[in-house]
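A.B. asks: Attaching a single structure in structure tokens format; questions to follow.
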Amino acid sequence: MRTMVVAPSKLKEARESAGISQRDASAHLDVTERSLRAWEKGESRIPADHAASLARLYGVDDLWSLFTHEPEAARASTAHG
């Protein structure tokens, strides 16, 4: 089984293509720049509501284009430490 997750590289690429700084994007969501950096590096998962807000901010028409499949094995290893 596979899960859909936001692809960190796609998230960063969309922000940069829109010409928006991490500071401005994090302020838009009322989150820390550290949180945004962690999402863009794949260090933590972005909540779905924040992903949708960023897609709108970045002008991404197809929210699904920011997602990728994650194999179950990778999910299990991150869930258990």
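A.B. asks: In the range 7-23, what count of residues is obtained for those that are at pLDDT 95 or above, more than 17 Å from ASP61 (Cα to Cα) and under 14 Å from the mean Cα position of the chain (by Cα)?
C.D. replies: Counting residues in the range 7-23 that are at pLDDT 95 or above, more than 17 Å from ASP61 (Cα to Cα) and under 14 Å from the mean Cα position of the chain (by Cα) gives 1.
A.B. asks: Of all residues in the range 56-66, which are open to solvent by less than 40 Å² (accessible area, probe 1.4 Å) and either touching a Gly at 6+ places or on another chain (Cβ under 7 Å) or not in a helix (DSSP H, G or I) (or both)?
C.D. replies: Listed by number, the list holds a single entry, VAL60.
A.B. asks: Hey, among SER26, SER53, which residue is modelled with pLDDT of 95 or more and surrounded by 15 or more Cβ atoms within 10 Å (Cβ to Cβ)?
C.D. replies: SER26
A.B. asks: What is the residue count in the range 29-44 for residues that are in a helix (DSSP H, G or I) and open to solvent by less than 50 Å² (accessible area, probe 1.4 Å)?
C.D. replies: 6
The values are calculated or read from the model by the stated rules, or taken from the named source; none is laboratory data. Not measured: the values here are computed from a predicted model. Counting neighbours? That spans all protein chains shown, and the Cβs are built from the backbone with ideal geometry, glycine included. To get the accessible areas, we keep the full protein, side chains included, count just its heavy atoms, and leave off ligands, DNA and RNA. Shrake-Rupley method; radii C 1.70, N 1.55, O 1.52, S 1.80 Å.
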